[in-house]
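Trainee: Just dropping this structure here.
Every number here is computed from the coordinates shown, using simple stated rules; none is lab data. Just so you know, these numbers come straight off a predicted model, no measurement behind them. Cβ coordinates were reconstructed from backbone atoms using ideal geometry, including for glycine residues, and neighbour counts include every protein chain displayed.
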Amino acid sequence: MLDRTPRVVIIGAGLQMGIEEKDIRDWAAGCFYGAAGANCVQALLALQDRFGYLPKIGMHEVARRLGITRAAVYGVATFYNQFRFTPPGRHAIKVCTGTACHIKQATKVLEHWERRLDLKTGGVTGDREYSLDRVACVGCCVMAPVTVIGEVVIGEMSPTKVDGILLRHRLAREKERSQAGTGEGGATENAEGAEE
């Protein structure tokens, strides 16, 4: 059985943004133990769940463990649009473009995120603070249009709501920085403005 337990990835300065070859080998050893029937898609999903994206050395390990070529693994990974090849931002933003969201102007919301973040869909900001992706459906059609930030679903999105989220996040970051400079503690706000 593949280990699909989500984990937090802390991105450092090491090989492939903090992922060491040992991390990949450890993951693969646990992932493929007793998984004779594992297929490439399952393995890639588990790899991405573990590291947040598909690191090159991880795809090489999948190929080795499954006994297929690296090109075959890369072919599968590029065929499906849910796979990432770069680490996501600290705040992963996913805009639903499923039927209900599309009808309710999700494209305008997505375009506004792109303009405000100066970022194309599928990209990550230079400071690695945000990544922006489009997703097919998040299953919250009654709340359309929907954006997911991290694990938080935000419904009835609009360009104005995007601006409010980014403003609250900027203010929370400024507060965090000023408290860090003075040594004060306190609650921080997430991208949606809720206290953590």
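Trainee: Could you pull out the pairs from 56/161; 56/120; 94/161 whose alpha carbons sit more than 26 Å apart here?
Mentor: Going by Cα-Cα distance, 56/161 fall outside the 26 Å limit.
Trainee: Pop the C-beta distance of residue 125 and residue 100 into the FRET formula with R0 = 25 Å and round what comes out to the nearest 0.05.
Mentor: With R0 = 25 Å, the Cβ-Cβ based efficiency is 0.30.
Trainee: Provide Rg and Dmax in Å for the range 91-182, with only Cα atoms included in the calculation.
Mentor: Every Cα atom of the range 91-182 included, Rg and Dmax give 13.8, 49 Å.
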